[in-house]
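Laboratory data are not the source of any read-out in this text; all were calculated from the coordinates shown. What you see is a predicted model, and the numbers here were worked out from it, not measured in a lab. Because the Cβ atoms are built from the backbone with ideal geometry, glycine has one as well, and the counts that use them run over all protein chains shown.
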Amino acid sequence: MASLREGLKRTRQSFFGRIAQVIGATEIDDDTWDEVEALLLQADVGVNTTMQLIETMRARVRREGLTRQEQLIAALKDELRKLLMEPKPLNLSGRELSVVLVAGVNGSGKTTSIGKMAHRMRLNNRKVILAAGDTFRAAAIDQLKLWGERAGVPVIAGQPGSDPGAVVYDAVSAARARGAEVLIVDTAGRLHSNFNLMAELVKVRDVLRKVVPDAPHETLLVLDGTTGQNALTQAKKFQEAIDVTGVIVTKLDSTAKGGMLFAIQRELGLPVHYIGIGESIHDLVFFNPAAFVDSLFENGNEE
Ligand code: GDP
């Protein structure tokens, strides 16, 4: 299992660690801020968020007369933390059956994240069932079944090419019959010219609502952390079609673009619930803003 600090190594080494060096090196002037700005942009913090951050930092440094490196880094960490929301716990209790709809484009890490999430919930003694709602790819059904086995939770699936609505319907019946508390629904994610992904998602959600009127209780969007600002554009499209309630950002271990987390929260106004920091079943951690910001700067013996 990767640690958060280990997972964020690339982002730290490439950008935030360098920012710490830049602002500690000499007296702070316009060139320093330009350099910090460039590094934030390269880390995929996003233009708007970066501009706001630089402006706030310049004003704060002036107002508080900050000069020492540790003061400057502490102030920057503080301002970065303020950009992040404390995630609310997922709204998955207080009713017989809670439903989580999981969306995201193919390859984003959707199936993997569902498997990891199911595993976490099972360890917390929750009775979970998975629905293989991406019936368009035989491989997606097989993958979900594999993750179900790993996590020790049942998977309800149909034949490849069958109607996803029917699978969801069956999964709700199965969940009720078995007394499951949480049903996690995988959905299609293909971006194909002859396929309207958003219309398909709306259809699945509507079927779900017919059988569980207040469902889905959470609609989580899985975003690939390595795609940086593109993920943001994608997220806006999902947000327009379905009411996304929160985000899972994957692959933060294999990218230097961890700065996208700041842009997601500020520009989309969506909480990040989990982050993926590796490929194993344990590599999904709750998103904790303070721990995240610390891990971006923490230095130690880096090779
Ligand atoms: P889906 O098409 O969205 O369901 O994507 P998958 O769950 O099949 O994942 C696509 C690839 O990303 C697989 O090779 C996963 O092992 C990999 N992956 C998913 N999450 C993570 C993560 O947090 N870190 C790393 N390094 N790889 C991940």
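I need a count of the residues in region 71-92 that are touching a residue at least 12 places away in the same chain (Cβ under 8 Å) and out of contact with any His (no Cβ under 7 Å at 6 or more places or on another chain). Within region 71-92, residues that are touching a residue at least 12 places away in the same chain (Cβ under 8 Å) and out of contact with any His (no Cβ under 7 Å at 6 or more places or on another chain) number 13. Annotation: Ala263 fulfils all but one of (1) more than 21 Å from Ala118 (Cα to Cα); (2) within 16 Å of the ligand (Cβ to nearest atom); (3) surrounded by 20 or more Cβ atoms within 10 Å (Cβ to Cβ); the unmet one is (2).
Condition check for Ile114 on (1) touching a strand residue (DSSP E or B) at 6+ places or on another chain (Cβ under 7 Å); (2) part of a loop (DSSP other than H, G, I, E, B); (3) aliphatic (A, V, I, L, M): one failure, at (2).
Of the residues making up region 124-137, those that are of a type outside the set (Val, Ile, Thr) and more than 13 Å from the ligand (Cβ to nearest atom) number 5. The single residue among Val249, Val272, Val285, Val222 that is in contact with a strand residue (DSSP E or B) (Cβ under 7 Å, 6 or more places away or on another chain), free of Cβ contacts under 8 Å to residues at least 40 places away in the same chain and within 14 Å of the ligand (Cβ to nearest atom) turns out to be Val249. Among the residues of region 122-146, those identified as surrounded by fewer than 23 Cβ atoms within 10 Å (Cβ to Cβ) and in a helix (DSSP H, G or I) are Arg122, Leu123, Ala138, Ala139, Asp142, Gln143, Lys145, Leu146. Is region 180-188 home to any residue that is out of contact with any Leu (no Cβ under 8 Å at 6 or more places or on another chain), closer than 22 Å to Gly148 by Cα and either within 16 Å of the ligand (Cβ to nearest atom) or part of a helix (DSSP H, G or I) (or both)? No, because not a single residue in region 180-188 is out of contact with any Leu (no Cβ under 8 Å at 6 or more places or on another chain), closer than 22 Å to Gly148 by Cα and either within 16 Å of the ligand (Cβ to nearest atom) or part of a helix (DSSP H, G or I) (or both).
Yes/no per residue for (1) of a type outside the set (A, V, I, L, M, F, W, C); (2) in contact with a Ser or Thr (Cβ under 6 Å, 6 or more places away or on another chain); (3) away from the ligand (no atom under 16 Å from the Cβ):
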{"site": "Ile54", "(1), (2), (3)": "no, no, yes"}
{"site": "Arg62", "(1), (2), (3)": "yes, no, yes"}
{"site": "Glu70", "(1), (2), (3)": "yes, no, yes"}
{"site": "Pro87", "(1), (2), (3)": "yes, no, yes"}
{"site": "Ser108", "(1), (2), (3)": "yes, no, no"}
{"site": "Arg122", "(1), (2), (3)": "yes, no, yes"}
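Looking across Ile129, Ile73, one residue alone is under 19 Å from Leu261 (Cβ atoms), among the β-branched types (Val, Ile, Thr) and over 20 Å from the mean Cα position of the chain (by Cα). It is Ile73.
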